[in-house]
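Worksheet: one structure, shown below.
The values are calculated or read from the model by the stated rules, or taken from the named source; none is laboratory data. Everything numeric in this text was worked out from a predicted model, so none of it was measured. Reconstructed Cβ throughout: ideal geometry from the backbone, glycine too, with neighbour counts over all protein chains shown. The accessibility values were calculated without ligands, DNA or RNA, using every heavy atom of the protein model including side chains. Shrake-Rupley method; radii C 1.70, N 1.55, O 1.52, S 1.80 Å.
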Amino acid sequence: MATAVADATAGAPAPEAPIEAFTVTLIIRRFDPDVDDEPRWQDFDVQMFATDRILDALHKIKWEQDGSLTFRRSCAHGICGSDAMRINGRNRLACKTLIKDLDITKPIYVEAIKGLPLEKDLIVDMEPFFASYREVQPFLQSATEPPKDKERVQSVADRARFDDTTKCILCAACTSSCPVFWTDGQYFGPAAIVNAHRFIFDSRDEAASTRLDILNDKEGVWRCRTTFNCTDACPRGIQVTQAIAEVKQAIMRGKP
Amino acid sequence: MATTIESPRAPHTARRSRGVNWEKWGWIYMRASGVVLLVLIFGHLFVNLLVGDGIKAIDFAFVGGKWSDPFWQVWDTLMLWLAMIHGGNGMRTIVNDYATKATTRKVLLGAILVAVVAMIVLGTLVIYTFDPCPAGSPADLLPSFCATR
């Protein structure tokens with residue numbers, strides 16, 4: 001213990017230079033259904049550090065400037081998928097977008113994701129998104145029982161086949177960046193297809209043909225125009241467009 | 001994995017329309033026709049613009065000569081049909097993506113269908129009924145084989 005104390009006094013410290021803070025302007029698309037007929041843009045100036053995230057800026061605004069600012073966030077660390085929003089015109093998670101990666105000489109525009117009904121400020125109604133997610137039956141279906149008291153075994157290669165699409169956190173960044181989804185809510189959207197892909201190519205699952213039939217629908221995978229907006233938007237780096245293409249191939253083959 | 005569990009309930013029935021899946025075949029057609037069209041169109045450009053006298057060779061006689069040859073008749077017919085349907089289907093896709101009102105969509109899709117059908121019918125008619133040696137025309141404008149007829 002003594003040494004630890006000695007070390008602490010010895011190594012203590014030349015005073016560090018204060019960390020530089022910047023004034024960042026955020027222009028946020030506000031909408032309060034009780035008051036507003038139309039969404040309106042409102043700007044806020046906040047002091048931020050380069051390592052702060054857009055979510056920190058939103059917190060600062062909500063806690064220090066305007067408590068009525070409404071947004072979703074749960075874990076705040078890029079896992080729960082609650083805070084997908086459109087930042088400078090691109091769908092991003094607010095908790096994974098660092099101030100240093102944005103051009104702060106210009107205002108930063110923040111708005112709700114597109115294509116889903118706007119409820120308030122940065123919150124949209126996610127129900128249509130989850131409805132198409134449910135439609136692809138995103139759960140393991142097998143008519144055979146697993147070995148007694150054991151889990152279903154799978155080879156490393158079989159697991160790797162669908163590894164990419166297991167990363168989805170259902171944040172809706174991909175689906176709400178898809179121009180086909182914007183014009184036609186009937187389209188399943190990339191997220192539902194990604195989650196179908198996750199089970200279609202799972203060797204333990206036995207309902208691949210059912211899911212392929214569902215996605216062979218008029219509004220299924222064939223509406224995909226390969227614009228790659230979804231791949232660009234995905235905060236988990238899932239190769240969404242490639243997953244959709246693999247589902248198309250599987251439908252043409254008639255099996256995964 | 002020995003025992004099989006019986007389905008406990010009525011199986012989930014997915015929304016599904018029976019019959020031919022036109023969206024799927026449309027998607028496949030676009031890719032297949034695209035590949036064939038690459039060959040047909042670049043072959044067409046090469047023969048018309050580069051071979052021999054190149055672009056200076058193109059006149060009534062040149063076209064008349066080509067369309068008296070069954071090979072080029074088939075080539076051009078294929079090119080016409082594949083390209084018109086390919087383009088029409090592409091336009092249909094764009095209309096489906098962008099037209100928000102059902103009436104607008106119907107009108108635009110109808111216009112595309114009429115245009116495609118008219119072009120295909122007229123084009124095919126021209127290719128197979130073309131007379132390379134119309135009577136009473138000066139011989140220097142006609143394909144060389146007209147003199148021997």
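Ranked by the mean number of other Cβ atoms within 10 Å per residue, highest first, peptides B:75-88, A:96-109, A:146-159, A:204-217 order as A:204-217, B:75-88, A:96-109, A:146-159. Within 10 Å of the Cβ of each residue in A:211-223, the mean number of Cβ atoms contributed by other protein chains is 4.
log10 I(q)/I(0), Debye, Cα-only chain A, no solvent, q = 0.08, 0.10 Å⁻¹? Here log10 of I(q) over I(0) equals -0.43, -0.61.
Using a simple spin-label model with pseudo-atoms 7 Å out from Cα toward Cβ, B:Phe145 and B:Tyr98 lie 4.5 nm apart. Each peptide in A:113-122, B:98-107 receives the mean, over its residues, of other Cβ atoms within 10 Å, and ordering these scores from highest gives A:113-122, B:98-107. For the residues of B:63-76, the average number of beta carbons from a partner chain within 10 Å of their own beta carbon is 0. Relative to the Cα centre, the charge distribution of the stretch A:1-152, modelled as +1 at Lys and Arg Cβ and -1 at Asp and Glu Cβ, gives a dipole magnitude of about 540 debye. In whole Å, what is the distance between the alpha-carbon centres of the stretch A:211-239 and the stretch A:66-105? The distance from the Cα centre of the stretch A:211-239 to that of the stretch A:66-105 comes to 24 Å. Please find the FRET efficiency linking A:Lys148 to B:Phe46, where r is the Cβ-Cβ separation and R0 is fixed at 45 Å, and quote it to the nearest 0.05. The calculated FRET efficiency here is 0.05.
Quote the Stokes-Einstein diffusion coefficient, in whole µm² s⁻¹, for the stretch A:21-124, based on the Kirkwood radius over alpha carbon pairs, a temperature of 37 °C and a viscosity of 0.692 mPa s.
So the translational diffusion coefficient is about 240 µm²/s.
List, in the order given, every pair from A:Lys120/B:Lys101; A:Lys114/B:Lys101; A:Lys218/B:Lys24 whose Cα-Cα distance in the structure shown is over 18 Å. From the list (A:Lys120/B:Lys101; A:Lys114/B:Lys101; A:Lys218/B:Lys24), the Cα-Cα distance tops 18 Å for A:Lys120/B:Lys101; A:Lys114/B:Lys101. A Förster distance of 60 Å, applied to the separation of the beta-carbon atoms of B:Val74 and A:Leu102, puts the FRET efficiency at 0.55. Residues of the stretch A:155-203 that lose at least 50 Å² of accessible area (1.4 Å probe, protein heavy atoms only) when the other protein chains are present, relative to their chain alone, are A:Thr183. One quarter of the surface of the convex hull around the alpha-carbon atoms of the stretch B:24-133 equals 8.3 nm², the direction-averaged projected area. Ordering A:Val136, A:Thr70, A:Leu55 by Cα displacement along the dipole of chain A toward the positive end leaves A:Val136 in first place; charges were set at the Cβ atoms of Lys, Arg (+1) and Asp, Glu (-1).
Taking the Cα centre of chain A as reference, the dipole from Cβ charges on Lys and Arg (+1) and Asp and Glu (-1) amounts to some 940 debye. Taking 4.7 Å between C-beta atoms as the pairing limit, chain A has these partnerless cysteines: A:Cys95, A:Cys168, A:Cys171, A:Cys178, A:Cys224, A:Cys234.
Using a Förster distance of 56 angstrom, determine the FRET efficiency expected from the C-beta separation of B:Leu113 and A:Glu20, and round it to 0.05. Rounded to the nearest 0.05, the efficiency is 0.30. Of the solvent-accessible surface of the protein assembly as shown, computed with a 1.4 Å probe over protein heavy atoms with every protein chain present, carbon and sulfur atoms account for 61 percent. For the peptides A:222-234, A:190-202, the ranking by mean Cβ contacts within 10 Å, running from highest to lowest, is A:190-202, A:222-234. Each of A:Leu26, A:Ile79, A:Ile108 was scored by the projection of its Cα onto the charge dipole of the stretch A:21-124, and the greatest displacement toward the positive side belongs to A:Ile79; charges sit on the C-beta of Lys, Arg, Asp and Glu.
Under a Cβ-only charge scheme (Lys and Arg +1, Asp and Glu -1), can you give me the dipole magnitude of the stretch B:24-133 about the Cα centre, in debye to the nearest 20?
Details: 8 positive and 6 negative charges, 145 e Å.
The dipole of the stretch B:24-133 has a size of about 700 debye.
A full extension of the chain between A:Trp41 and A:His77 corresponds to an added length of 10.3 nm, given 0.36 nm per residue minus the alpha carbon distance.
Pairing the Cα long axis of helix B:102-129 with the longest principal axis of chain B, what angle in degrees results, from 0 to 90 and rounded to the nearest 10? Once rounded, one gets 40 degrees.
How would A:Phe181, B:Phe46 rank on accessible area, largest to smallest, probe 1.4 Å? Present the calculation step by step, with values, prior to reporting the outcome.
Numbers: A:Phe181 10, B:Phe46 110 Å².
Greatest to least solvent exposure: B:Phe46, A:Phe181.
Solvent-accessible area lost on pairing A with B (1.4 Å probe, both sides summed) amounts to about 2100 Å². In this structure chain A gives 50 Å² per residue of accessible area when probed at 1.4 Å with all protein chains present.
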